[in-house]
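So the structure is just underneath, and the comments pick up after that.
The values are calculated or read from the model by the stated rules, or taken from the named source; none is laboratory data. Note that the structure is a prediction, hence the values are computed from the model and not measured. Quick reminder, even Gly has a Cβ in these numbers, built from the backbone with ideal geometry, and neighbours come from all protein chains shown. Accessible surface areas use protein heavy atoms only, side chains included; no ligands, DNA or RNA. Shrake-Rupley method; radii C 1.70, N 1.55, O 1.52, S 1.80 Å.
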Amino acid sequence: MEKDILVLGIESSCDETAASVVKNGRTVLSNVISSQIDIHKLYGGVVPEIASRKHIERINIVIETALSEAGAKLSDIDAIGVTYGPGLVGALLVGVAEAKAISYAADIPLVGVHHIEGHVSANYIENPDLEPPFLCLIVSGGHTHLVIVKDYGSFEILGRTRDDAAGEAFDKVARAIGLGYPGGPKVDALSKEGNPDAIPFPKAKLEDAPYDFSFSGVKSAVLNYINKVKMSHGEVNRADLAASFQKSVVDTLVEKAMLAAEDHHMDRLAIAGGVAANTTLRAAMKSACGQRGIRFYYPSPVYCTDNGAMIAVAAYYEYKKGVRHGWDLNAVPNLRLGER
Ligand code: KG4
Ligand code: ZN
C-alpha cells in the first residue's frame, strides 16, 4: 500500500484566512476558515490594508487549528500548498511568507498554487469519480472563466469576462439596493421573494466571441432602472429587482456553458468559485445539464467560496507532477490562468 500524502493548504488572497489538511488530494481532514467579512462590511467592500493586517493576526492560529483538527503534526505533512496569485498583493504576501517560513523551518516541499486552479479543484473533494477532462465554469468575485480542464492544472480557456466578474456584478447590484457586502448571498436570499420576470434586464450577446461574458451592461441597466424609479418618486421592489437581475446573469451563464458543452462535445460540467454557491444557478445548471445528458458537478457552498482545502487539493496534484517552488516564490497579484 502506498503511503498517504498529506498536504497543508494555505489561502489568504482576499478576505478569508484559511488553512486545511487534505489526504491524498481528496479527503479533507480539516478546513479552518477565519472570515473577515464582519470587518469589511462596515466599509461596503474589502479594504486591502485591513485584509493584510487581519491575515497577519490570524494566520498562525488558523494553521495550528487546521493541523490539530486533522490530528497531524508538521512532521506528518508532505507538502505545503499556498495561493500566490491572483489576489490582493498584501494579502497574498502574508500566506506566501508564512508558507515559505514553515517550509524552510520544517523542511517541507513548497508548492505555489493558482487561486483559480484551487477553485476548480474544489470539485474533486466530494466527487471521487471526477477526473479531467471536463468543462468548468468559474464564477467568483474577481473572475469569470469558461474552461476545458484538460488535465490536473492544465486549462484551455474558451471564454472570459470582458469587464466585471459575475460576483462583482452581484456585489455592486446588492450595494445599489442597500443589501451590503458581500452581495451575492444576500441577492440570492432576497430573490426568493421576488418575481424573476418582473423587470426585463438585458443579456449581453458578444457575436464575435460566443463564450465571452460581459456583465457591465446588466449592472448599468439595474442602476438606470433604480434612478428612473426614484426620479418618478416610486419605490423599487428590491426582491423583484434582485430576482430579475439574478435571472439575467444565471440565464447567460447557463446558455454559454451549454453552448460550449455542445460545441466541444463535453459530457461533464463543473462549476466553481463563490457564485457557484448561488442556489438559482445551481438549480438552473442542474436542469439544463439533465436535459442534455450532461453530468453536473458542484462543490458544497463551503468549498465554493475561498477555503484552504481547495488549495491543498490543487497543490496535491501539482506536487504529484513534481512541481516545487523555491524561496523566491512571490505573490503575483495578476497571475493569469495557465501561467506559472
Ligand atoms: O470565490 P470567492 O469566495 O472569492 C474570489 O475568489 O473572488 O467569491 C466571492 C464572490 C463574491 O462576489 C460573492 O458575492 C459571491 O462570490 N457569492 C455569491 C454567493 N455566495 C458568494 N454570489 C451569488 N450567490 C451566492 N450565493
Ligand atoms: Zn476565490
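Per-residue answers, yes or no, for (1) β-branched (Val, Ile, Thr); (2) away from ligand 2 (no atom under 16 Å from the Cβ):
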{"position": "238", "(1), (2)": "no, yes"}
{"position": "244", "(1), (2)": "no, yes"}
{"position": "260", "(1), (2)": "no, yes"}
{"position": "263", "(1), (2)": "no, yes"}
{"position": "284", "(1), (2)": "no, yes"}
{"position": "294", "(1), (2)": "yes, yes"}
{"position": "308", "(1), (2)": "no, no"}
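Just one of the listed residues (203, 228) is without any contact (Cβ under 8 Å) to a residue 24 or more places away in the chain and open to solvent by 60 Å² or more (accessible area, probe 1.4 Å), namely 228. Beta carbons closer than 8 Å, at least 6 apart along the sequence or on distinct chains, never pair a first residue in region 21-40 that is outside the structural domain of residue 316 (by TED's automatic domain parsing) and part of a strand (DSSP E or B) with a second that is acidic (Asp, Glu) and open to solvent by less than 50 Å² (accessible area, probe 1.4 Å). Scanning region 35-49 finds no residues that are away from ligand 1 (no atom under 15 Å from the Cβ), at pLDDT 95 or above and surrounded by 17 or more Cβ atoms within 10 Å (Cβ to Cβ).
Determine, yes or no, whether residue 165 is within 15 Å of ligand 1 (Cβ to nearest atom), open to solvent by 20 Å² or more (accessible area, probe 1.4 Å) and not polar (S, T, N, Q). The answer is no for residue 165. Candidates are the residues of region 168-190 that are basic (Lys, Arg) and over 13 Å from residue 218 (Cα atoms); the one that is most open to solvent (accessible area, probe 1.4 Å) is 175.
The criterion of being touching an Asp or Glu at 6+ places or on another chain (Cβ under 8 Å) and under 19 Å from residue 276 (Cβ atoms) holds for residue 261. Would you mind telling me which numbered condition in (1) part of a helix (DSSP H, G or I); (2) over 30 Å from residue 221 (Cβ atoms); (3) within 21 Å of the chain's Cα centre (by Cα) residue 248 fails? Condition (2) is where residue 248 drops out. Take the residues in region 296-306 that are hydroxyl-bearing (Ser, Thr, Tyr) and crowded, with 17+ Cβ neighbours inside 10 Å; name whichever of them is farthest from ligand 2 (Cβ to nearest atom). Checked region 296-306; the qualifying residue farthest from ligand 2 (Cβ to nearest atom) is 297.
Residues in region 126-161 that are part of a strand (DSSP E or B) and either open to solvent by 10 Å² or more (accessible area, probe 1.4 Å) or in contact with a helix residue (DSSP H, G or I) (Cβ under 7 Å, 6 or more places away or on another chain) (or both): 20 in all. If you scan region 111-125, which residues turn out to be more than 14 Å from ligand 2 (Cβ to nearest atom) and either open to solvent by 30 Å² or more (accessible area, probe 1.4 Å) or more than 13 Å from residue 270 (Cα to Cα) (or both)? Passing the criteria: 111, 112. Here 57, 69, 2 are screened, and the one residue that is open to solvent by 10 Å² or more (accessible area, probe 1.4 Å), without any contact (Cβ under 8 Å) to a residue 12 or more places away in the chain and in a helix (DSSP H, G or I) is 57.
When 269, 337, 281 are screened for being open to solvent by less than 50 Å² (accessible area, probe 1.4 Å), at pLDDT below 95 and under 22 Å from residue 213 (Cα atoms), only 337 passes.
Residue-wise test of (1) touching a residue at least 60 places away in the same chain (Cβ under 8 Å); (2) in a helix (DSSP H, G or I).
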position: 266; (1), (2): yes, no
position: 282; (1), (2): no, yes
position: 310; (1), (2): yes, yes
position: 313; (1), (2): yes, yes
position: 317; (1), (2): yes, yes
position: 322; (1), (2): no, no
position: 335; (1), (2): yes, no
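Picking from residues in region 206-222 that are part of a loop (DSSP other than H, G, I, E, B) and touching a strand residue (DSSP E or B) at 6+ places or on another chain (Cβ under 7 Å), the one that is surrounded by the fewest Cβ atoms within 10 Å (Cβ to Cβ) is 209. Looking across region 247-276 at every residue that is in contact with a Leu (Cβ under 6 Å, 6 or more places away or on another chain) and among the β-branched types (Val, Ile, Thr), the one that is farthest from residue 190 (Cα to Cα) is identified as 271. Checked against (1) at pLDDT 95 or above; (2) open to solvent by 60 Å² or more (accessible area, probe 1.4 Å); (3) within 16 Å of ligand 1 (Cβ to nearest atom), residue 9 passes all but a single condition, namely (2).
The residues in region 281-316 that are within 17 Å of the chain's Cα centre (by Cα) and polar (S, T, N, Q) can be counted, and the count is 3.
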